[in-house]
Amino acid sequence: MRPALVVTALMCEATPLIDAWGLRPLRRSEVEERFQLFYGDGVYVGVSGIGKLRSAVATSALLAHLRSQDLTPLAINIGIAGCPAGLARLGDLILVHKVRDVATNSRLYPDILIKHHLKELPLDTHDHPVTTPPSEQALVDMECSGFMQAATTLVSPSETAVLKVISDHCDGTRLSPEQVSQHLGAVSDQITAVITSLRSELPAPLQLRTEDIQALDFATSHARLSVTQRIELERAMLATRASGKALPSEFHSILAQPIKSKDQRRIAFAALVAALRGEELP
Amino acid sequence: MTFLPLFSHIYIEDAAREYPLTEHILARFPKAQTISIQNYKEVFNRPRQRWEHQRQSLKLILAARRDSFLYPGSSFVPNFDHTRFFYTTPILNCVYGCEYCYLQGLLSSPTMVAFVNHTAFTEAAARELSGSTPAYLCISYDTDLLAIEDIFGYCAEWIEFAKSHPHVTIEIRTKSANIRALEHITPPSNVILAWTLSPDDVVKRFEHKTPSLQARLKAIAHAQKLQWRVRLCFDPILRVKEWQKHYQELVETTFATIEPNALADVSLGVFRINSGYLRTMQEQRPDSRLVTYPYHVQNGSASYTDAERQEMITHVSEHTLRSIPKEKLCPVPWQW
């Protein structure tokens, strides 16, 4: 199954998920310590702190950190949110299909492709706590627009999801950390079901293996390939891997020859691509 | 089935809400989640969209087009001897999933965009195509309008337009078998239903979600019975394994089922695509042998080599000419 990164604002939002999924803390690097990263069975949970800026920073840092380890996780924001009374009941788990940053009016849309049993609603991210019911028929929180902006710079909108538990009706209620954890804990099974569906149905983009990247690096330096040529060669290597084949032996024999002149480079590059793509008809 | 069904989510531009077609479409999908948007591009043009994910659960955007109602015809497609050659895009994207489709390279998402201000399109066409000089207008290039006629009704609207503009020939290109949707219309002589036909092997392997060859042929035969002008398009011809056998069978099966004398014409074209679109498709679909095949690139166009193209056109045209006279055969000009 595909790895997933869950970002919460508060430790008390993360705790019920960490308990439900039996996650353990990771402390291998500054990023992991700074954002209190937890891991188990392909799922990572990180804690950003309150506010859209902190959420954006944590999401960027954690996604970049995991991608540096050749992981391509889904990005999921989970937490509590308020809403006007009548829109949803306290304790309801909501799947968000539109995120609006109230300060800038920018709008972001997580794709919802997988079947689910949750109510869907839009969400507005505010810069300050909302203590009086808003006129918009939308959830309110303080992080989601930051999360979405950061996540969608690194992953596609279909690889993001936002799940919110209704904690208040914007009436000024202040929740203790224990109450927040109770809200999340009560819906952890539903959250698990959604995340499991996403992880199993949305395949990661095809990537080159470590040995392919080494071969690509060698070809680039030995044949002094241009940036464009390197990209085309990488694409041909991906196609080879996608068809379930190994790199052809000619690939290495072509690179065993000395490549000095521009002409030799052009010929070697064409031969490499031809060896990878082959002439077999589809 | 884990993925949500077709049009589970409908995004609606604020400017599109006032149009009757919006109401009609929403009534067809009462269970759809509706999401308000200000401009269709904020959903359609999001960066880093994954085509292969989104294709599993196609969404719909209802929008109002503000400009660019008509485009000059592309040099990649035949103009059938018309100097005034245009196409229009009442809908972007297609319910079918043909693996070779250029839309994968042209558009950033498979999400369908339906422009509900249809009158603005026909008014623009009336302005642009005024006078009596013959004009040719393709209305189903970036989509398959007949396949979704039951939902949108665009074909019927354009056929009405054709009736009041006899100098404009309208082509409705399709792979659909949905001729039933046009049964209630009296066919005008300046509307051509152009069916794309491919061998069964190609339909099964590369034209995902499209009707079978047999279903298309049955629809064509019915269209002929209803007196529609019909064009056959053996286009794109793909150089697949045993392509000679597959295309010979295609031609023979076709003319064994439908009446060749009643055809308007037959168009032939070998697979060709803008090389930039092909590069984008190769990034999106490294797993597709059809997309990653080493095509010959020349003047911004990717296709087979000249000799291969010549061989393919000759093979298919030879078999076709056994059933139709030469004057009814229209190959894409640059392929000869």
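The values are calculated or read from the model by the stated rules, or taken from the named source; none is laboratory data. This structure is a prediction, so every number in the text was calculated from the model and none was measured. We place every Cβ from the backbone using ideal geometry, glycine too, and count neighbours over all the protein chains shown.
Annotation: of all residues in the range A:96-111 being of a type in the set (Lys, Arg) and touching a helix residue (DSSP H, G or I) at 6+ places or on another chain (Cβ under 8 Å), the one that is farthest from the other protein chains (Cβ to nearest Cβ) is A:Arg100.
Highlighted here are the strands (runs of 3 or more DSSP E) found entirely within the range B:1-120 that include at least 1 residues which are within 14 Å of chain A (Cβ to nearest Cβ) and among the small types (Gly, Ala, Ser): B:33-37.
Of the set (1) in contact (Cβ under 8 Å) with a residue 60 or more places away in the chain; (2) within 14 Å of chain A (Cβ to nearest Cβ), all apply to B:Gln248 but (2).
Within the range B:112-156, the only residue that satisfies the criterion of being in contact (Cβ under 8 Å) with a residue 60 or more places away in the chain, of a type in the set (A, V, I, L, M) and under 15 Å from B:Ala181 (Cβ atoms) is B:Ile151. A:Ile114 meets the conditions (1) within 14 Å of another protein chain (Cβ to nearest Cβ); (2) within 22 Å of A:Ser55 (Cβ to Cβ) in every case but one. The failed one is (2).
Candidates in the range A:138-152 are the residues that are within 14 Å of chain B (Cβ to nearest Cβ) and surrounded by fewer than 24 Cβ atoms within 10 Å (Cβ to Cβ); of these, the one that is nearest to A:Arg107 (Cα to Cα) is A:Gln149. What about A:Met11, is it of a type in the set (A, V, I, L, M) and within 14 Å of another protein chain (Cβ to nearest Cβ)? Against the criterion (of a type in the set (A, V, I, L, M) and within 14 Å of another protein chain (Cβ to nearest Cβ)), A:Met11 does not qualify. Name the single residue, out of those in the range A:167-219 being more than 25 Å from A:Gly86 (Cα to Cα) and of a type in the set (Lys, Arg), that is surrounded by the fewest Cβ atoms within 10 Å (Cβ to Cβ). Within the range A:167-219, the match that is surrounded by the fewest Cβ atoms within 10 Å (Cβ to Cβ) is A:Arg209.
Across the range A:235-278, the qualifying residues are those that are among the β-branched types (Val, Ile, Thr) and in contact with a helix residue (DSSP H, G or I) (Cβ under 8 Å, 6 or more places away or on another chain), and the one among them that is farthest from the other protein chains (Cβ to nearest Cβ) is A:Ile259. Mind checking which residues of the range B:138-169 are within 18 Å of B:Tyr71 (Cβ to Cβ), within 13 Å of the chain's Cα centre (by Cα) and hydrophobic (A, V, I, L, M, F, W, C)? Of everything in the range B:138-169, those that are within 18 Å of B:Tyr71 (Cβ to Cβ), within 13 Å of the chain's Cα centre (by Cα) and hydrophobic (A, V, I, L, M, F, W, C) turn out to be B:Cys138, B:Ile139, B:Leu145. Of the set (1) buried (at least 20 other Cβ atoms within 10 Å of the Cβ); (2) within 30 Å of B:Pro286 (Cα to Cα), all apply to B:Phe121 but (2).
Taken over the range B:18-33, the criterion of being surrounded by 15 or more Cβ atoms within 10 Å (Cβ to Cβ), over 20 Å from A:Val194 (Cα atoms) and either over 24 Å from the mean Cα position of the chain (by Cα) or not polar (S, T, N, Q) (or both) is satisfied by B:Tyr19, B:Leu21, B:Ile25, B:Leu26, B:Phe29.
Could you tell me whether the range B:296-318 includes any residue that is surrounded by fewer than 22 Cβ atoms within 10 Å (Cβ to Cβ) and closer than 30 Å to B:Pro187 by Cα? Yes, some residue in the range B:296-318 is surrounded by fewer than 22 Cβ atoms within 10 Å (Cβ to Cβ) and closer than 30 Å to B:Pro187 by Cα. Considering the range A:118-137, and only residues there that are modelled with pLDDT of 95 or more and within 14 Å of chain B (Cβ to nearest Cβ), the residue that is surrounded by the most Cβ atoms within 10 Å (Cβ to Cβ) turns out to be A:Leu123. Assigned by TED's automatic domain parsing to the domain that holds A:Leu23 and on the phi > 0 side of the Ramachandran plot - does that describe any residue in the range A:171-185? Yes, the conditions are met somewhere in the range A:171-185.
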